[in-house]
Amino acid sequence: MSADDERQPLLTPAIPSNRADYGIGENARDAMSKFVVNNVAGESGRKLPQYLAGLAASGGALAAGTFLGWTAPTDKPLTEQSEYGFPISDEQFSWIGSVSNLGAALMCFPIGYMMKMIGRKWSMLTMVLPLVLGWLLIIFAENVGMMMVGRFFLGVGGGAFCVAAPTYTAEIAQPSIRGTLGTFFQLMVTVGILFVYAVGSGVDVQVLSIICGVIPLAFGAIFFFMPESPYYFVEKGRYSEASSSLKWLRGAQYDEAAEIEDLKQADEKVKAEAIPMLVALRQKATIRALIISLGLMFFQQLSGINAVIFYNSSIFASANGGKEMSSASIIVGGIQVVATLVASVVVDKVGRRILLLVSDFMMAVSTILLAVYFQLKQDDPAKVDDLSWLAVLAVCLFIAMFSIGYGPVPWLMVGELFANNVKAFASPLAGVFNWLLAFLVTKIFTNLKDAMGEAGVFWLFSGVSLLGTVFVFVMVPETKGKSLSDIQRLLAGEKLSTEQASVEAREEERDQQVA
């Protein structure tokens, strides 16, 4: 049951002879976005349409957020109050909560092929069907089996969006706003979670599920009017449609001819240099990108985020003398939204690496505070009579720090680290790994808590976060402001010239001023 995520796919090529031009397709698009100047207006294109399309695509994340957050307000009504008229044990509910992760993992590879066959836009619109079907099964559930199947279908739809939406936004965005648009997905996931927390506190489970079921339909109605990715049209040789797409995204006065020509050449180059997956995996840049991506996914999920999200009410209750705090989930959801919004603003200014370092270290501090609190409570409950605020503060700090770094940034970096020619299998692999870890953590958290105690579990999470901080420091490069081919050269062990870096910095600064 993952409450925080984002993902991406595409093709398969060869290593150029003397310079590492892997990923030339997307890099070329980035370069042309910087250099192509509108002959009429003297600008490199409008940014507002790109923001609109990115937000519309991230509407699928809002739908995903609702099913991710659904378990928190429905736990007690379903397990203790039997609101649906049939008994649901804690063990059964843990399966209801976690089985959606298996559906999401299952969809990570097929959605990549769907995007190549029918396009990014129609792949996302198609995912409205499993989402609506999933909510219908939950709304009219007559037994635990129907609920589990419904949650599985919700995972299928949500998991597909986690691959397709970031890919779409990366392909429509110009370099100066690529990072910001890349965080939209995570932001909308957190908005969806907060929405469910707030609405779920005032309505019964069935009404909540009906409201959630309307959201994917609203997404479909809005996203239907958005353009297809110009990159997809070029792949299919539909150049006039690619031109129309760029006109929509950059403005009617944008001179897209050079960018279209560049995309055509890049597509021809990628197809001519296509190589098998096993050969691609022997490239140094691909190996390092895979290690970094899987490492970030590992530390993201093993930090304990899903346990904190899924069980935040019980954590607040444990810290509050066993009394439920009705506002606990809403507080957590609000913090997620605000922190993710902050991340979307600063990620292209501060950089990916520094956000990851600060995020992971402060998550470790937060889980250490929780571990100390529950250790004191375990030794002598009287010691913590005046410290109930400590666990609440630690949870809030944990959520804020996760949402500002380790929530959105790993998925953003997956889109940046892999060359276009290996994204078709590498990015979905990262997605499958993430969802399976989310399933594992959510499913076994209760068992870990019973075996190790609350203090022991949070000591474990804090140790993982500290290791994650070391991993980022040693392994993760800064990708802010770098073109995608430069990132590939960096991963391959090449050094970028200072002159080249300063030229790119000036170009990006100019692009931002024009915007």
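With the full set of protein chains in place, find how many percent of the accessible area of the stretch 281-496 is carbon and sulfur; take the probe as 1.4 Å.
71
Which order do peptides 174-182, 369-377 fall in by mean Cβ count within 10 Å, highest first?
Packing proxy ranking, top to bottom: 174-182, 369-377.
With all protein chains present, how much of the accessible area of the stretch 45-226 (probe radius 1.4 Å) comes from carbon and sulfur, to the nearest whole percent?
73
Enter the accessible area per residue of the stretch 281-496 (Å², integer; probe 1.4 Å; all protein chains in place).
On a per-residue basis, the stretch 281-496 sits at 35 Å².
What order do Ser388, Ser240, Ser462 take when sorted by accessible area (1.4 Å probe), most exposed first?
So the residues, ranked largest to smallest area, are Ser240, Ser388, Ser462.
Packing-wise, with mean Cβ within 10 Å as the measure, how do 57-65, 485-493 rank, highest first?
57-65, 485-493
Which order do you get for Glu171, Glu142 if you rank them by accessible area with a 1.4 Å probe, largest at the top?
Glu142, Glu171
When all protein chains stay in place, what accessible area (Å², nearest 10, 1.4 Å probe) is found for Thr126?
Its accessible surface works out to 50 Å², give or take rounding.
What number, in percent, do you get for the relative contact order of the stretch 281-496 if the mean sequence gap of Cα pairs under 8 Å and at least 6 apart is divided by its residue count?
40
HN-Hα J couplings of the stretch 293-301 from phi, Karplus 6.51/-1.76/1.60, θ = phi - 60°, integer Hz, Gly and Pro as x?
5, 5, x, 4, 5, 4, 6, 4, 7
Among 432-440, 260-268, 401-409, how do they line up by average Cβ neighbours within 10 Å per residue, starting with the highest?
Output ranking for 432-440, 260-268, 401-409: 401-409, 432-440, 260-268.
Using a 1.4 Å probe and counting only protein heavy atoms, arrange Phe398, Phe152 so the residue with the most accessible area comes first.
Phe152, Phe398
Counting heavy atoms of the protein chains only and a 1.4 Å probe, report the per residue accessible area for the stretch 45-226 as a whole number of Å².
Solvent-accessible surface per residue comes out at 32 Å².
The values are calculated or read from the model by the stated rules, or taken from the named source; none is laboratory data. Treat the numbers as computed from the prediction; the structure is a model and nothing was measured. Glycine gets a Cβ as well: all are built from the backbone with ideal geometry, and neighbour counts include every protein chain shown. With ligands, DNA and RNA removed, areas are computed over all heavy atoms of the protein, side chains included. Shrake-Rupley method; radii C 1.70, N 1.55, O 1.52, S 1.80 Å.
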